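Structure first, then comments.
The values are calculated or read from the model by the stated rules, or taken from the named source; none is laboratory data. Computed from a prediction, not measured in an experiment: that's the story for all the values here. Note: ideal-geometry Cβ built from the backbone for every residue, glycine included; neighbour counts use all protein chains shown.
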Amino acid sequence: LGPLADNGGPTLTHALLPGSFALDWGDTNLAVDVTNGNAPLTVDQRGAPFYRVFGRTVDIGAFEHQPFRTTSGGANAFLTGTAGNDAIVYDAEHQRVNINGLAYPILPGTRLLTIDAGEGSDTVNVIGSTANDLVTADLRTQLVTFTHGRSPNGADARIVGAEVVVIDGNGGNDAATLQDSPGDDKFFARPGSGFFVDLARVLEVDLFRMNLHAQAGGGHNLARLFGSTGIDVLTAQAATSTLMGPGFAHSASGFDFVQVQGGVGTDTATLTGSSGVDALIARAGVAVLTTGGVNVQLDGFETINADGRGGSDFLRLIGSPGNDSLTAFPGSSQFVTNGYNYGFTSFERLTASVAGGGADTAVLIDSVGDDLFVGSGDLAELSGVGFFSRTTGFDVVRIRGVNGGTNTRRVSSINYQLIEQGTWV
């Protein structure tokens, strides 16, 4: 027996400890209320919500061992899983908890419910309130916390020992903050749902109807964000990528690889490089930014605006089978390909190649200093202090020497129409 202690109910009791010979050794036929026509007892000495019979048969004594207990006054409640595989559900809206089909009410005034899933392969499902709930999940410690949107009028929850935790926000403006494990992790987020899991499969967290933010650090980590059927907006840089759309906002910080899939709406992405050397590759519907050790891949964004932010940044553009157009200034450029519109700033080195079409057009514009244009075969190159632009395969190349300096051109055996504007020597 345990010491005389507050195990819930109006009086102190001796709890039955694991391994006690009193566990499941009583006679259920004798667990009756003699004052009520020998009706079967429904609760033990502590009263509701403590069942008189839990398990194979009744325990010996006035205390029935069971997974749920609460302190006097109900400030804290505890649910402990069995040695087997448990299914535990905490309904925060209706304030009740269920383990393997056995339900317990959360008494008024309970501030914190601690769930220890214990051994086995356990799943804990939390159904949130209709208010604004908050969730934190730490894959390093396998700890998940739930903050009730109506706290202190609803019980918060602390969950440990579970292999899978499923949380449904159930309405309200709910948010979850997720922390990765020291190993390799995956974070997937769609409008209305997402999951975060360590690849060692120690803990998986599934979330529904919540705004999600995942933070990564150790290991090699992958984040995938999916757009909606409406208009979505992405902002991405080395530190954080955030995708927002109708009714959702998901973000990923510190991940090595971030893949973002636009939806069927007209989606826009804003990419920001680092002060170091960045690289961006873009073609119709797809763009890949490598910045600060992070790889960000986009698919299906109709408009992309990217800022290299200094350094000696490289931009590679790949055309479509249709008619593409490029306008390149020193330090900025605009590329229109197959209905996609891309704008770039502060990329010092640019290459653009096209194949197909019949009316691909490039406009190369000089700087205020001395610039050099070289044309040969399918190549057209314009360079000056701090910039370099090269095109391949365009049908028409227009060079504009209108901003000053001495502009020099060297042309031999070109396979495209060259149009000169301004002064070239």
## Note on the structure
Checking Thr423, Thr406 in turn, the sole residue that is modelled with pLDDT under 95, assigned by TED's automatic domain parsing to the domain that holds Phe329, surrounded by fewer than 19 Cβ atoms within 10 Å (Cβ to Cβ) and over 49 Å from the mean Cα position of the chain (by Cα) turns out to be Thr423
### Summary
Given (1) more than 19 Å from Leu271 (Cβ to Cβ); (2) within 39 Å of the chain's Cα centre (by Cα), Tyr340 misses just (1)
### Query
Of the residues that make up the stretch 58-66, is at least one at pLDDT below 90, in a loop (DSSP other than H, G, I, E, B) and under 40 Å from the mean Cα position of the chain (by Cα)?
yes
### Query
Within the stretch 2-40, how many residues turn out to be part of a loop (DSSP other than H, G, I, E, B), at pLDDT below 90 and over 25 Å from Arg56 (Cβ atoms)?
3
#### Entry: Residue match in the stretch 177-185 (condition: hydrophobic (A, V, I, L, M, F, W, C), surrounded by 18 or more Cβ atoms within 10 Å (Cβ to Cβ), over 15 Å from Val296 (Cα atoms) and in the same structural domain as Thr123 (by TED's automatic domain parsing))
yes
#### Entry: Subset of the stretch 194-219 [in contact (Cβ under 8 Å) with a residue 24 or more places away in the chain, part of a loop (DSSP other than H, G, I, E, B) and either out of contact with any Asp or Glu (no Cβ under 7 Å at 6 or more places or on another chain) or surrounded by fewer than 19 Cβ atoms within 10 Å (Cβ to Cβ) (or both)]
Arg201, Val202, Arg209, Gly217, Gly218, Gly219
### Task
Within the stretch 116-146, track down each residue that is surrounded by 17 or more Cβ atoms within 10 Å (Cβ to Cβ), part of a loop (DSSP other than H, G, I, E, B) and of a type in the set (Gly, Ala, Ser).
Ala117, Gly118, Gly128, Ser129, Ala131
### Task
Return a yes/no flag: does the stretch 190-199 have any residue that is within 22 Å of Asp122 (Cα to Cα), charged (D, E, K, R) and not assigned by TED's automatic domain parsing to the domain that holds Thr351.
yes
#### Entry: Test: Ala75 is in contact (Cβ under 8 Å) with a residue 60 or more places away in the chain and either touching a Gly at 6+ places or on another chain (Cβ under 8 Å) or surrounded by 14 or more Cβ atoms within 10 Å (Cβ to Cβ) (or both)
no
### Query
When the stretch 164-215 is examined, which residues are found to be within 17 Å of Ser228 (Cα to Cα) and small (Gly, Ala, Ser)?
Ala189, Gly192, Ser193, Gly194
### Arg224 within 23 Å of Thr272 (Cβ to Cβ) and free of Cβ contacts under 8 Å to residues at least 60 places away in the same chain
yes
#### Entry: Qualifying position, being touching a helix residue (DSSP H, G or I) at 6+ places or on another chain (Cβ under 7 Å) and over 26 Å from Ala162 (Cβ atoms), among Val43, Val53
Val53
### Task
For the stretch 220-239, name all the residues that are surrounded by fewer than 18 Cβ atoms within 10 Å (Cβ to Cβ) and not aliphatic (A, V, I, L, M).
His220, Thr229, Gly230, Thr235
### Message
Being touching a Ser or Thr at 6+ places or on another chain (Cβ under 7 Å) and without any contact (Cβ under 8 Å) to a residue 12 or more places away in the chain is the requirement here; does Thr177 meet it?
### Response
no
#### Entry: the stretch 85-141, residues that are basic (Lys, Arg) and either under 30 Å from Gly219 (Cβ atoms) or assigned by TED's automatic domain parsing to the domain that holds Phe54 (or both)
Arg140
### Task
Kindly state which strands (runs of 3 or more DSSP E) lie completely within the stretch 228-300 and contain at least 2 residues that are over 14 Å from the mean Cα position of the chain (by Cα) and among the hydrophobic types (A, V, I, L, M, F, W, C).
268-272, 279-283, 286-291, 294-299
#### Entry: Scan of the stretch 256-305 for residues that are surrounded by fewer than 18 Cβ atoms within 10 Å (Cβ to Cβ), among the hydroxyl-bearing types (Ser, Thr, Tyr) and out of contact with any strand residue (DSSP E or B) (no Cβ under 7 Å at 6 or more places or on another chain), ordered by number
Thr266, Ser275
### Message
Being farther than 22 Å from Tyr416 by Cα and of a type in the set (Asp, Glu): is that true of Asp278 here?
### Response
yes
